[in-house]
Amino acid sequence: MSRLDSMLRRLTAQRDGLNWAVAQISEMEGDVLDMGLGNGRTYDHLREILPERRIWVMDRVLQCHPSSTPPAEDFLQGEAEPMLEKLAAGGARIVLAHYDFGRGIKAEDVTEAARLSLMIAQVMRPGGLLISGQPLVGFEQISGPDTIAPDRYLFYRA
């Protein structure tokens, strides 16, 4: 599979997974967390499909497209550990989290996701959903939408 086809497959899975998750959490209270702002495409989609929810965003640097810049009070800039600690200390209860940290080196990305999983668990609402391109640990893995290959995107319940 070409890198272009792989990227299209990943982005389609991401969008379909987020849309699916919105229906799953509709009756639950809580905020949303987008880990890894990047260009801001996912954040832009989240605010479109969840306009009534507060969406926390974290990344090392703010370098997204200007139209996808989150409000300053919702953007947590820095390394993941202190930003997750800040969310936990503030009492945030996340009902939907999207994990998109990574540098593109699979072994390193998997190790980082496993390391951060415990901290992510501290901000999640029981029963909340996590959608991730990397394997997370300590959560119940669940099936996402049938349109997404099991190895393409991962779905978890807190």
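Throughout, read-outs are computed from the coordinates displayed, never taken from laboratory work. Remember, predicted model here, so these are calculated numbers, not experimental data. Methodologically, a virtual Cβ is constructed for each residue, glycine included, from the backbone with ideal geometry; neighbour enumeration extends over all protein chains shown.
Could you tell me how far the Cα centroid of region 43-122 sits from the Cα centroid of region 1-23, in Å?
About 18 Å separates the Cα centre of region 1-23 from the one of region 43-122.
Using only Cα atoms, what is the ratio of the radius of gyration of region 75-158 to 2.2 N^0.38 Å?
Values: Rg = 12.7 Å, N = 84, 2.2 N^0.38 = 11.8 Å.
For region 75-158, the normalised Cα radius of gyration comes out at 1.07.
Tell me, in nm to one decimal, what length is gained between Arg15 and Ile142 on full extension, where the rule is 0.36 nm per residue of separation less the Cα-Cα distance?
Working: separation 127, 0.36 × 127 = 45.72 nm, distance 1.73 nm.
Gain on stretching Arg15 to Ile142: 44.0 nm.
Just from its helices, what would the mean residue ellipticity at 222 nm be for the chain, if runs of 4 or more DSSP H residues each count -39500 (n - 2.57) and the sum is divided by every residue, rounded to the nearest 500 deg cm²/dmol?
Estimated from H runs of four or more residues: -11500 deg cm²/dmol.
Among Ala121, Ala80, Ala72, whose mean-square fluctuation peaks in a Gaussian network model of the chain (Cα, cutoff 10 Å)?
Result: Ala72 has the largest fluctuation of those listed.
Can you tell me the dipole magnitude for region 25-158 around its Cα centre, using point charges on the Cβ only (Lys, Arg +1; Asp, Glu -1), in Debye to the nearest 20?
Working: 13 positive and 20 negative charges, 20 e Å.
Value, rounded to 20: 100 debye.
Which FRET efficiency value, to the nearest 0.05, do you get for Ser67 and Lys106 by plugging their Cβ-Cβ distance into 1/(1 + (r/R0)^6) with R0 = 41 Å? Can you show the working numbers first?
Numbers: r = 31 Å, r/R0 = 0.76.
Plugging the Cβ-Cβ distance into 1/(1 + (r/R0)^6) gives 0.85.
Can you tell me the order of 105-117, 27-39 when each peptide is scored by its average per-residue count of other Cβ atoms within 10 angstrom, highest first? Walk me through the numbers on the way to the answer.
Numbers: 105-117: 14.1, 27-39: 18.7.
Per-residue Cβ counts within 10 Å, averaged per peptide and sorted highest first, yield 27-39, 105-117.
Count charges around Val137 for me, please; just the other residues with Cβ under 15 Å from its Cβ, Lys/Arg as +1, Asp/Glu as -1.
Details: positive: Arg115, Arg157; negative: Asp109, Glu112, Glu140.
For residues surrounding Val137, the net value is -1.
In Å and on Cα atoms, what radius of gyration and Dmax does region 3-157 show?
14.3, 41
Based on the mean of other Cβ atoms within 10 Å per residue, sort peptides 11-19, 82-90 so the most packed one is first.
11-19, 82-90
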